[in-house]
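Values quoted throughout were computed directly from the atomic coordinates according to the rules given, and no laboratory measurement underlies them. Worth saying up front: this structure is predicted, and the values here are computed from it rather than measured. With ideal geometry, Cβ positions are generated from the backbone for all residues, glycine too; neighbour counts draw on all protein chains shown.
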């Protein structure tokens, strides 16, 4: 890893340093194959073959756990095909993300309290229930509500357009609702720390809190932006299906989720690689604005935790040397 110079890094954009003027946050111009997730009082960072979770314990110390990954995409060339690789990467990220959440919860236990280790079946059920809730809320309910006025709509075009608007409105409403929960405030701060740390690394800057804090807490590969893209892509994927019976509408929304996620994955990866283009930045702008709700400005102690997680990954691997599997951030 390069960086540590006193001059601005080559990979960063800088604003005017006029005295008394507000300096714009730095942004990285390149994309690195690292991703992350905010957890309870900590951050999980993932590379290509390694992931690590760093958590601030109640006694103030940072506890770090590092685990190796046997990437699913290495098991078959088919799993690295476009769209399919996105489905595989997201499924693998969900598994790692839930494990990281469990580790962070155990790290918050007071001395003498017994840690709880969930078995494979329990983790599988947790992931299944979470995905079922998301599909119900963002796909089944919108098509159900739109079906109530199906007879009022004169065409399939109006049906899928209204359904898409309802789906996107529910998603944005959900984000607004959770952004107001005080219990999630620190998670959102760690989410911001995760983004700043990754941007600092992508800019090849020195990974220390005083440098990472200069970077934007908004990141083009964030899970919030990804989910917004999912909502929009769904409109176009479902459009050719027309207006079959209601039960086929519901089934198609459930079965179509992996395809939509795979397409959205490809789009957000492409946008991340082309973030310097003005029109790409304009298209990404709504997703970045939503991140103002799911991230908060972290303090340097939180940045220290995020950096500890990323440093633990970088001690084991060099992601750019094995970058065909490129994880994205997943919103906490």
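With a simple spin-label model that places each label point 7 Å from the Cα along the Cα-to-Cβ direction, the separation between residue 252 and residue 169 comes to 2.2 nm.
If you fit an axis through the alpha-carbon atoms of helix 278-294 and take the longest principal axis of the Cα set of the chain, what angle between them do you get, 0 to 90°, nearest 10? It is inclined by approximately 80 degrees.
Among 299, 183, 311, the largest mean-square fluctuation in a Gaussian network model of the chain (Cα springs under 10 Å) belongs to 183.
The C-alpha atoms of the chain define a longest principal axis, and helix 223-238 lies at about 20 degrees to it.
What ranking do 133, 188, 171 get, fewest neighbouring Cβ atoms within 10 angstrom at the top? Walk me through the numbers before you get to the answer.
Details: 133 10, 188 23, 171 20.
Ordered by Cβ neighbours within 10 Å, fewest first: 133, 171, 188.
For residue 176 and residue 129, the difference between the fully extended length at 0.36 nm per residue and the C-alpha to C-alpha distance is 14.7 nm. Find how many whole Å separate the alpha carbon centroid of segment 21-94 from the alpha carbon centroid of segment 300-318. Taking the Cα centre of segment 21-94 as reference, the centre of segment 300-318 is 11 Å away. Once the chain from residue 68 to residue 292 is taken as fully extended at 0.36 nm per residue, the excess over their C-alpha distance is 77.4 nm.
If I take R0 = 35 Å and measure r between the Cβ atoms of residue 57 and residue 274 in this structure, what FRET efficiency does the formula 1/(1 + (r/R0)^6) give, to the nearest 0.05?
Working: r = 41 Å, r/R0 = 1.16.
So, using R0 = 35 Å, E works out to roughly 0.30.
Placing a pseudo-label 7 Å from each Cα along the Cα-to-Cβ vector at residue 282 and residue 259 gives an inter-label distance of 3.1 nm. Once C-alpha pairs closer than 8 Å and six or more residues apart are averaged by separation and normalised to the residue number of segment 161-295, the relative contact order reads 35 percent. Listed from fewest to most Cβ neighbours within 10 Å, the set 68, 318 follows the order 68, 318. Helix 300-314 axis versus longest C-alpha principal axis of the chain: approximately 80°, rounded to the nearest ten.
Normalising by the residue count of the chain, find the relative contact order in percent from Cα pairs under 8 Å and 6+ residues apart.
Here the relative contact order equals 33 percent.
Based only on other Cβ atoms within 10 Å, what is the fewest-to-most ordering of 276, 206? Can you show the working numbers first?
Details: 276 11, 206 17.
Exposure proxy ranking, most exposed first: 276, 206.
Using 1/(1 + (r/R0)^6) with R0 = 35 angstrom and r between the beta carbons of residue 122 and residue 148, what's the FRET efficiency to the nearest 0.05? In this case the efficiency is close to 0.40. The GNM of the chain, with springs linking C-alpha atoms under 10 angstrom apart, assigns the highest mean-square fluctuation among 303, 145, 227 to 145.
Which of 67, 189, 31 moves the most in a Gaussian network model of the chain with Cα springs under 10 Å? Looking only at 67, 189, 31, the largest GNM fluctuation is found for 67.
Which percentage, to the nearest 5, of the DSSP beta bridges contained in the chain is antiparallel? All intermediate terms of the calculation are to be shown ahead of the outcome.
Details: 19 of 20 bridges.
Bridges in the chain that DSSP calls antiparallel: roughly 95 percent.
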